[in-house]
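Student: If you scroll down you'll find the structure; I have some questions about it.
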Amino acid sequence: MLKGGLIGCGFFAQNQLHAWQDLDGVEIVAICDRDAGRLEAAGERFGIGRRYTDAAKMLANEALDFVDIATTAPTHRPLVELAAAHGRAVICQKPFAIELGDAEAMVAACAKAAVPLMVHENFRWQTPIQAVRRVIDEGAIGRPFFGRFAFRSGFDVFSGQPYLVEGERFIIEDLGIHILDIARFVMGEASSIACRIQRVNPRIRGEDVATMLLGHGQATSVVDCSYATRLPVEPFPQTLVEVDGDQGSLRLVEGYRLTVHGPGGTRELDVSPALLPWAERPWHNIQESVQAIQRHWVECLTSGTEPQTSGRDNLQTLRLVDAAYRSAATGQVQELAG
């Protein structure tokens, strides 16, 4: 039985605690939060008696196999480095870091301590996205040469997260990072990126629309994100996907419907996520992916293999985010090192 400690008992961490309880071979034995009231509420809700308001004390006192860091990005580096110093494997909430240098430092610290590090980059673990990758791996559409990954919505994300209104950067940093990771997962590493951003909502400081053109060797993809799009049917929080291959095509559309066209004909698949007992619509797509990535983490720790979304791998996504903002500022295509 793997024993874990969770740092951060906020809104999204509730999903992680639910998912840990559902998984075999793992148990969260201690939790930590600087807010004593929030800490007590989470402990009572999930039946966890070992509670700390100081992460250093938890790491010193508890025999943990890993630490799940579910805090905000600015706190990630000190907490990851603290866990590494105690020789604990680390799974860290997304986004991994705001500054690329902080992410590189965290990866280096865990490498030096020889402890596994995974970023909780769960969008690629959503059931429909996994289905898209599976169809491509089966060769159903041949070699992909074009992809489009779209997250366009008018959902009010600001009422629940008012701090999003104030940031100089918004949609690429908050949402686009995850859609860029999906593009990498489906199309392979990007060799270049061009980006244009817009601010449609006058109440916010950052960009709420971003359109990015990526080169993946001989293939091309478009990643477009918007929180300013009004639609007759609100697709939030679904990512819609188009991939064209040299032998066919696939389309993942609103409602979790995947159409695959290839040499053998056309088929339509229902790739809806499961509605877990503790989940609720429309968030169930994301909530199920939390359980999927945590299962992957347990499997990797048990087998000693590197997670798909390791800290080292996530650096590639963060470099895309950094390059996207540079492109938007300069109007120039940004080339990425191979």
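The values are calculated or read from the model by the stated rules, or taken from the named source; none is laboratory data. Since the model is a prediction, treat every value here as computed from it, not as a measurement. Because the Cβ atoms are built from the backbone with ideal geometry, glycine has one as well, and the counts that use them run over all protein chains shown. Please note that ligands, DNA and RNA were not included when accessible areas were found on the heavy atoms of the full protein model with its side chains. Shrake-Rupley method; radii C 1.70, N 1.55, O 1.52, S 1.80 Å.
Student: Return the long-range amide H neighbours of Met118 (sequence gap of 5 or more, or a different chain), with a cut-off of under 5 Å between placed amide H atoms.
Tutor: Amide H neighbours of Met118: Val90, Ile91, Cys92, Gly311.
Student: Sticking with this one: With each label point set 7 Å from Cα along the Cα-Cβ vector, what nm distance links Ser191 and Arg281?
Tutor: 4.4
Student: Now for a separate question. Considering Cα pairs under 8 angstrom that are at least six residues apart, work out the relative contact order of the range 1-155 and quote it in whole percent.
Tutor: Numbers: 227 pairs, mean separation 27.2, N = 155.
RCO, the range 1-155: 18 percent.
Student: Apply the Karplus parameterisation 6.51 cos²θ - 1.76 cosθ + 1.60, with θ equal to phi minus 60°, to every residue of the range 29-44 and state each ³J(HN,Hα) to the nearest whole Hz, in sequence, with x for glycine and proline.
Tutor: 9, 8, 10, 9, 7, 6, 8, 4, x, 5, 4, 5, 4, 5, x, 5
Student: Which value, in Å to one decimal place, does the Kirkwood hydrodynamic radius take for the chain when every pair of different Cα atoms is included?
Tutor: Working: mean 1/r = 0.0481 Å⁻¹.
It is 20.8 Å.
Student: Whole-Hz ³J(HN,Hα) for each residue in the range 324-332, computed from phi via Karplus 6.51 cos²θ - 1.76 cosθ + 1.60 with θ = phi - 60°, x for glycine and proline: what do you get?
Tutor: With coefficients 6.51, -1.76 and 1.60, one gets 4, 5, 5, 5, 4, 6, 9, x, 10 Hz.
Student: Roughly speaking, to the nearest percent, how much of the range 105-178's 1.4 Å accessible area is carbon and sulfur? All intermediate terms of the calculation are to be shown ahead of the outcome.
Tutor: Values: 1610 of 2950 Å².
After summing per-atom areas, the C and S share lands at 55 percent.
Student: Could you tell me how many degrees, from 0 to 90 and to the nearest 10, lie between the Cα long axis of helix 76-85 and the main elongation axis, the longest principal axis, of the Cα atoms of the chain?
Tutor: For 76-85 against the chain, the angle is about 50 degrees.
Student: Just to confirm the number: angle between the C-alpha axis of helix 127-137 and the first principal axis of the chain, 0 to 90 degrees, nearest 10?
Tutor: Orientation of helix 127-137: about 60 degrees from the principal axis.
Student: What is the distance in Å between the Cα centroid of the range 29-81 and that of the range 170-224?
Tutor: With the range 29-81 and the range 170-224 each reduced to a Cα centre, they are spaced 33 Å.
Student: Which of the GluC sites (Glu not before Pro) across the range 126-175 are loop residues per DSSP, with 14 or fewer other Cβ within 10 Å? Numbers along the way, then the final one.
Tutor: Details: sites: Glu138, Glu166, Glu168, Glu173; in loops: Glu138, Glu166, Glu168.
Of the GluC sites (Glu not before Pro), the ones in loops of the range 126-175 whose Cβ has at most 14 other Cβ atoms within 10 Å are Glu138, Glu166, Glu168.
Student: Count charges around Val90 for me, please; just the other residues with Cβ under 12 Å from its Cβ, Lys/Arg as +1, Asp/Glu as -1. The partial results should precede the final answer.
Tutor: On the way: positive: Arg77, Arg88; negative: Asp65, Asp68, Glu81.
Charge balance near Val90 sits at -1.
Student: Express the relative contact order of the range 192-302 as a whole percentage, based on alpha carbon pairs under 8 Å and six or more residues apart in sequence. The partial results should precede the final answer.
Tutor: Working: 147 pairs, mean separation 13.8, N = 111.
This gives 12 percent for the range 192-302.
Student: Next up: Tell me which residues come under 5 Å, amide H to amide H, from Ile28 once H is placed; ignore anything under 5 positions away on its chain.
Tutor: Close amide H contacts, sequence-distant or interchain: Gly4.
Student: Using a 1.4 angstrom probe on the protein heavy atoms only, line up Asp244, Asp181, Asp35 by accessible area, largest first. It would help to have the intermediate numbers written out before the result.
Tutor: Numbers: Asp244 35, Asp181 0, Asp35 70 Å².
Reading off the accessible areas and sorting them downward yields Asp35, Asp244, Asp181.
Student: Using 7 Å Cα-to-Cβ label points, what is the Glu40/Asn201 separation (nm, one decimal)?
Tutor: So the label points at Glu40 and Asn201 sit 3.5 nm apart.
Student: Now for a different question. Restrict the search to the range 193-302; then list the trypsin sites (Lys or Arg not before Pro) that DSSP places in a loop and that have at most 14 other Cβ atoms within 10 Å of their Cβ.
Tutor: Details: sites: Arg196, Arg199, Arg203, Arg205, Arg230, Arg251, Arg257, Arg267, Arg295; in loops: Arg199, Arg203, Arg205, Arg230.
For trypsin sites (Lys or Arg not before Pro) across the range 193-302 that sit outside H, G, I, E and B with at most 14 neighbouring Cβ atoms in 10 Å, the list reads Arg203, Arg205, Arg230.
Student: Return the long-range amide H neighbours of Arg199 (sequence gap of 5 or more, or a different chain), with a cut-off of under 5 Å between placed amide H atoms.
Tutor: Placed amide hydrogens put Asp208 under 5 Å from Arg199.
Student: Ignoring ligands, DNA and RNA, how do Tyr163, Tyr325 rank by accessible area with a 1.4 Å probe, largest first? Can you show the working numbers first?
Tutor: On the way: Tyr163 145, Tyr325 20 Å².
Sorted descending by solvent-accessible area, the residues read Tyr163, Tyr325.
Student: Counting only protein heavy atoms and using a 1.4 Å probe, what share of the accessible area of the range 19-58 belongs to carbon plus sulfur, as a whole percent?
Tutor: Values: 860 of 2200 Å².
Of all accessible area on the range 19-58, carbon and sulfur atoms account for 39 percent.
Student: Suppose all protein chains stay in the model; what accessible area per residue would a 1.4 Å probe give for the chain, in Å²? Intermediate values should be presented prior to the final figure.
Tutor: Values: 14850 Å² over 338 residues.
About 44 Å² of surface per residue is accessible.
Student: Using the crude model of +1 on Lys and Arg Cβ and -1 on Asp and Glu Cβ, and no other charge, please compute the dipole size for the range 1-44 relative to its Cα centre, in debye to 20. Write out the running numbers ahead of the final one.
Tutor: On the way: 3 positive and 7 negative charges, 32 e Å.
I would put it at about 160 debye.
Student: What residues from the range 227-270 fall in the zone where the backbone N is under 18 Å from a label point 7 Å along the Cα-to-C-beta line of Arg143?
Tutor: Flagged as within label range: 243-250, 263.
Student: By how many degrees, 0 to 90 and rounded to 10, does the Cα axis of helix 284-303 deviate from the longest principal axis of the chain?
Tutor: In the chain, helix 284-303 runs at an angle near 60 degrees to the longest axis.
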